[in-house]
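Here's the structure, in structure tokens; my notes come after.
The values are calculated or read from the model by the stated rules, or taken from the named source; none is laboratory data. On a predicted model such as this, the values are computed, not experimentally measured, just so you know. We place every Cβ from the backbone using ideal geometry, glycine too, and count neighbours over all the protein chains shown.
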């Protein structure tokens, strides 16, 4: 991805710079400079064989395909102590195409509504005695893309199969292999989402541009939403996982993923970028798509989230306020051993990576016995600021 942006990014910025948000511009520059001399670094040498290597610094931007490994490993380690010895379900909430258009032009507002409506739906239906009658706890991860990189906002929820009784004195398990009725979830989600969307419109929180500028008119907005009130909104409730280890392995694929990984990129030549994608509508067949470089970059940047937006959120007894106490109660009711206290992670990123993944950055890649020692630092080049014209 960095090669694509280095090669085609300057022309893209020249053409579309006026419409680029600050977050998207920063993401482009960060990925272009990631692990290059522009960010500085250091020189290492093996104490045994003398092998040398140059290591440039990472950009650490959350949209960079190269910079999510350590963050993902740390996140998985933090979540490991929170897993309960129960089946887990994977539930996906998505929205119709008409809503995707509004979300595209109002990302922060509509993505927040998506989280609010979906989580409220899960908690309300689960708390209903006709279904589960318990307080559940779960996490959600927002994705905004499909395999072809087009805009497709949806949330992946990971939900344990059961919850705390209202009095907190027992654990209520869901039926084997069944969490909550999808049709009931779908109807409530649709109602809540459209209710919150209409409130946002009434408060003036929504903006519309280009071909959808007319939606500023209340009558036009109501007409536009009318089909969504009648449509069946899609919710996927997948089969439960086999156990906690499988849960962690699976959810790790979703939490720190960016719109496209480097291993899906095939080539860039003749002004086009080619990448592999899975066609879910045609038997999950693997295909290759070729896009003009500017269109490929445009699609990638669609999925750069606004500054400060949290794409991973926690609800119910996993909410930040009472997570520790309620998780301890869940473990007690399930007959699990109390979670041990977590040690502070090592300060050095190399030690953290070793502790989390077993991968050593200190071992010499040449002789595999010596230790790589820093012998020199590469400072970041100074950027000369233009002198203001005071004439």
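Just one of the numbered conditions (1) surrounded by fewer than 14 Cβ atoms within 10 Å (Cβ to Cβ); (2) at pLDDT 95 or above is not true of residue 211: (2).
If you go through region 263-278 and keep only what is in contact (Cβ under 8 Å) with a residue 12 or more places away in the chain and surrounded by fewer than 14 Cβ atoms within 10 Å (Cβ to Cβ), you end up with 266, 271. Given the condition surrounded by fewer than 14 Cβ atoms within 10 Å (Cβ to Cβ) and at pLDDT below 90, answer yes or no: does some residue in region 287-304 qualify? So far as region 287-304 goes, no, none of its residues is surrounded by fewer than 14 Cβ atoms within 10 Å (Cβ to Cβ) and at pLDDT below 90. Hey, among 156, 152, which residue is in contact (Cβ under 8 Å) with a residue 12 or more places away in the chain, buried (at least 16 other Cβ atoms within 10 Å of the Cβ), over 27 Å from residue 334 (Cα atoms) and in the same structural domain as residue 129 (by TED's automatic domain parsing)? Matching residue, one of 156, 152: 152.
When we screen 114, 70, 83 for residues that are crowded, with 16+ Cβ neighbours inside 10 Å and not in a helix (DSSP H, G or I), the only hit is 83.
Filter region 331-345 down to the residues that are modelled with pLDDT of 75 or more and either in a loop (DSSP other than H, G, I, E, B) or over 30 Å from residue 164 (Cα atoms) (or both) and list them by number. Scanning region 331-345 gives 334, 335, 336, 337, 338.
Evaluate region 344-359: report whether one residue or more is more than 26 Å from the chain's Cα centre (by Cα), loosely packed, with under 15 Cβ neighbours inside 10 Å and without any contact (Cβ under 8 Å) to a residue 12 or more places away in the chain. No, region 344-359 contains no residue that is more than 26 Å from the chain's Cα centre (by Cα), loosely packed, with under 15 Cβ neighbours inside 10 Å and without any contact (Cβ under 8 Å) to a residue 12 or more places away in the chain.
Within region 199-220, the set of residues being over 16 Å from residue 101 (Cβ atoms) and outside any loop (DSSP other than H, G, I, E, B) comprises 199, 202, 218, 219. The listed residues are 196, 236, and the only one of them that is assigned to a strand (DSSP E or B) and closer than 26 Å to residue 127 by Cα turns out to be 236. Would you confirm whether or not region 109-128 contains a residue that is farther than 18 Å from residue 184 by Cα, at pLDDT 95 or above and touching a strand residue (DSSP E or B) at 6+ places or on another chain (Cβ under 8 Å)? The answer is yes, given that some residue of region 109-128 is farther than 18 Å from residue 184 by Cα, at pLDDT 95 or above and touching a strand residue (DSSP E or B) at 6+ places or on another chain (Cβ under 8 Å).
When residue 351 is tested against (1) touching a strand residue (DSSP E or B) at 6+ places or on another chain (Cβ under 9 Å); (2) part of a helix (DSSP H, G or I), just one condition goes unmet, and that condition is (1). Going through region 132-141 one residue at a time, which ones are surrounded by fewer than 20 Cβ atoms within 10 Å (Cβ to Cβ) and at pLDDT 95 or above? Matches in region 132-141: 133, 135.
One residue alone among 247, 258 is within 29 Å of residue 296 (Cβ to Cβ) and either part of a loop (DSSP other than H, G, I, E, B) or under 17 Å from the mean Cα position of the chain (by Cα) (or both), and that residue is 258. The set of residues in region 161-188 that are in a strand (DSSP E or B) and in contact with a helix residue (DSSP H, G or I) (Cβ under 8 Å, 6 or more places away or on another chain) comprises 163, 164, 171. Those strands (runs of 3 or more DSSP E) of region 261-303 in which at least 1 residues are within 22 Å of residue 62 (Cα to Cα), considering only elements entirely within it, cover 265-269, 272-279. Residues that are touching a helix residue (DSSP H, G or I) at 6+ places or on another chain (Cβ under 7 Å) and touching a residue at least 40 places away in the same chain (Cβ under 8 Å) were ranked within region 28-46; the one that is nearest to residue 362 (Cα to Cα) is 39.
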